[in-house]
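Everything below concerns the one structure shown next.
The values are calculated or read from the model by the stated rules, or taken from the named source; none is laboratory data. Note that the structure is a prediction, hence the values are computed from the model and not measured. Note: ideal-geometry Cβ built from the backbone for every residue, glycine included; neighbour counts use all protein chains shown. Side chains are part of the model used for accessible areas, which takes the heavy atoms of the whole protein and leaves out ligands, DNA and RNA. Shrake-Rupley method; radii C 1.70, N 1.55, O 1.52, S 1.80 Å.
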Amino acid sequence: MKNLRDSFEPIRFTQEEKMDLAAQLAQAAEQEEDMTDSTKRKIKKISGGMVFGVAAALTLSVGALAAAIGPSLHTWFDTPTTGAQEWLDGAIAPINRTLEHNGWTMTLTECVGDDYLVYLWVDVTAPEGTELTELENGWISVHYKLTGLPDNYSGTIGASQSILSDENPLDNKVSFCLRNEGTGQSLRGETVDIVLKDLADGWWENPGTDRAVRHERELTGAIADHEWVFEAVTLDYPQQTISLAPEVEIPYLDGTATLSEVEISPLSTKVRVEGGSCYDHHGNSGGVSSTGWVCLYALDVQLHMKDGTVWNSSELGMVGGGGCEDGISPDGEVRLPYVERRVSYMENSNLIPPRVLDPTRVDYVTICGVDIPVTPEN
């Protein structure tokens, strides 16, 4: 697939636009000293050398333009390792579809994903004069669902995931990042319908007391029941997963099992073990019991980047999903016992900005203490 950077003509500015953009960048630089470390991580630093480039600017890259203009997928993710931001800027696929209702506009701007995760960015604009912001003890939310999915796809249909901190809380705009996690058929390249509904606001008066009062839809009452249906949206993000088939024995639970699959994408890593101690790991025939999700968490995953960074699934609390089969069948059917864990690069399930990485910068992965070298396919 052609790199996203190469798909755009150079973006050119009038002299007035150049000067205004330069002034904004200079102001941001002056404010940097007062920023917290977490805020600095969210704002991609622009060197002094870039300021003269903008003042006399001819073009901006996709990522730099997004950072300069406002929040987007380009600025949402945490990109702490070498090459991560460059990968992200080149992997985000534009959508740029807008719907309007009762003076409100909903814009589905872009997407990025892998075979399991899809992130969608949504900008909401209220009628002029509306202060669209989350109040203290309040919220602004939206629900979503994907329809027209492949037959063997199952995934989340849920509530709004997160709102990026509003750079101008008194304006009439707010942005959402939606995260859809599925199993089975990948949505990469698929054309689906994306439905956004129940855009709502609210806040609590006297929260946590016996005088608590819930206030709702003071801003969004005019669109309370409206559904925003984006038809035939193609999720055209690239495939950049590195797939390995180690077929080596590793320690697992009370014995060993065969490490059969490792998949490393910019957004998640999947690990699968088969046979051996995967058999009857839930103790259904009187064996050693691994209750709950112990079988998943026993698959410890460490990613070792070439720049020396190490991401550890247990230490960082990285979350994900997976599945298992213990090989015990009540009807006598022979089943291959396996455990499969998928690790998303995020600290919890509330979409605290997830990390991304360039999979070609992963040196090796360690599964249950066994090192597996990563060699990208040519």
Quiz item: Which one of Ile264, Ile250, Ile223 is aliphatic (A, V, I, L, M) and in contact with a Cys (Cβ under 8 Å, 6 or more places away or on another chain)?
Solution: Ile250
Self-check item: Within the stretch 182-232, considering residues that are touching a Leu at 6+ places or on another chain (Cβ under 7 Å) and open to solvent by less than 20 Å² (accessible area, probe 1.4 Å), the one nearest to Gly323 (Cα to Cα)
Solution: Leu187
Self-check item: Subset of the stretch 325-334 [modelled with pLDDT of 85 or more and either part of a loop (DSSP other than H, G, I, E, B) or crowded, with 20+ Cβ neighbours inside 10 Å (or both)]
Solution: Asp326, Gly327
Exercise. Those residues that are over 22 Å from the mean Cα position of the chain (by Cα) and under 30 Å from Ala91 (Cβ atoms), I need them from the stretch 248-271; list them, please.
Key: Leu259, Ser260, Glu261
Practice problem: Identify all residues within the stretch 199-232 that are of a type in the set (Val, Ile, Thr) and part of a loop (DSSP other than H, G, I, E, B); write none if there are none. | Solution: Thr209, Thr220
Practice problem: For the stretch 75-98, enumerate the residues that are among the acidic types (Asp, Glu) and surrounded by 21 or more Cβ atoms within 10 Å (Cβ to Cβ). | Solution: Asp89
Quiz prompt | Leading residue by the ranking (least open to solvent (accessible area, probe 1.4 Å)) among those in the stretch 233-251 that are part of a strand (DSSP E or B) and either closer than 28 Å to Leu108 by Cβ or in contact with a Gly (Cβ under 7 Å, 6 or more places away or on another chain) (or both) | solution = Val233
Exercise. Could you list all residues from the stretch 117-147 that are of a type in the set (A, V, I, L, M, F, W, C), more than 24 Å from the chain's Cα centre (by Cα) and open to solvent by 30 Å² or more (accessible area, probe 1.4 Å)?
Key: Leu135
Exercise. Identify the residue in the stretch 162-185 that is in a strand (DSSP E or B) and of a type in the set (D, E, K, R) and, among all such residues, is modelled with the lowest pLDDT.
Key: Glu181
Exercise. Considering each residue of the stretch 252-302, count those that are of a type in the set (Val, Ile, Thr), open to solvent by 40 Å² or more (accessible area, probe 1.4 Å) and modelled with pLDDT of 95 or more, and give that number.
Key: 1
Quiz item: Take the residues of the stretch 322-345 that are in contact with a strand residue (DSSP E or B) (Cβ under 8 Å, 6 or more places away or on another chain) and among the hydroxyl-bearing types (Ser, Thr, Tyr): which is nearest to Gly275 (Cα to Cα)?
Solution: Tyr338
